[in-house]
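Heads up, the thing below is written out as structure tokens.
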Amino acid sequence: MRRLYICATAVFWLLVATVAIVGNWSPAADPASAPAPERLIPVAELAKHALPNDCWMAIRGVVHDVSAYLPEHPSRPSVVVPWCGREATEAYETKTRGRPHSAQADELLARYRIGRLAAERP
């Protein structure tokens, strides 16, 4: 009976240790599966994408490729196109009329994120 108790106790603690080890391991901790660093996009590259069918804009330091979204934008694309290839935070936050975009618009915008605007060097 004592041998059964010792074996059962040993198996129990081995299982507890295994669960603790496996529970603390995550694929994100594995350097091979770490996310790639975010792409830095220089202002000069942003400026090359200033057409309705190739429209990138920087909003709050994040670059978005909104080319595919322009035809679906609630207002005419001609309202957005002047901001293609440029830093457009003020225009986005005020809609050029003092009204901010909605939280839903912010969520939608995140889908078009392609990188961060690189800081210009003096």
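The table below gives the values:
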item: Rg(Cα)/(2.2 N^0.38 Å) for the chain, N = residue count; result: 1.87
item: Estimated 222 nm signal from helices in the chain, with DSSP H stretches of n ≥ 4 weighted -39500 (n - 2.57), rounded to 500; result: -10500 deg cm²/dmol
item: Charge context of P74, other residues only, Cβ under 14 angstrom, K/R +1, D/E -1; result: +3
item: The range 32-117, relative contact order [Cα under 8 Å, separation at least 6], %; result: 38
item: Cys with no candidate disulfide partner in the chain (beta-carbon separation under 4.7 Å rule); result: C7
item: Portion, in percent, of the accessible area of the chain that falls on carbon or sulfur, probe 1.4 Å; result: 63
item: Proximal charge balance of D65 [Cβ under 13 Å; K/R count +1, D/E count -1]; result: +2
item: Residue-span extension gain [F12 to H73] - 0.36 nm each, minus C-alpha spacing; result: 16.0 nm
item: Net charge of Cβ neighbours under 13 Å - reference A10; Lys, Arg +1; Asp, Glu -1; result: +2
item: Segment A110-K95, length gained on full extension (0.36 nm per residue, minus Cα span); result: 3.7 nm
item: Net dipole in debye of the range 32-117 [+1 Lys, Arg Cβ; -1 Asp, Glu Cβ; about Cα centre; nearest 20]; result: 140
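The values are calculated or read from the model by the stated rules, or taken from the named source; none is laboratory data. Note that this is a predicted model, so its numbers are computed, not measured. No Cβ is skipped: glycine too gets one built from the backbone with ideal geometry, and neighbour counts run over all protein chains shown. Surface areas here come from the heavy atoms of the whole protein model, side chains and all, with no ligands, DNA or RNA. Shrake-Rupley method; radii C 1.70, N 1.55, O 1.52, S 1.80 Å.
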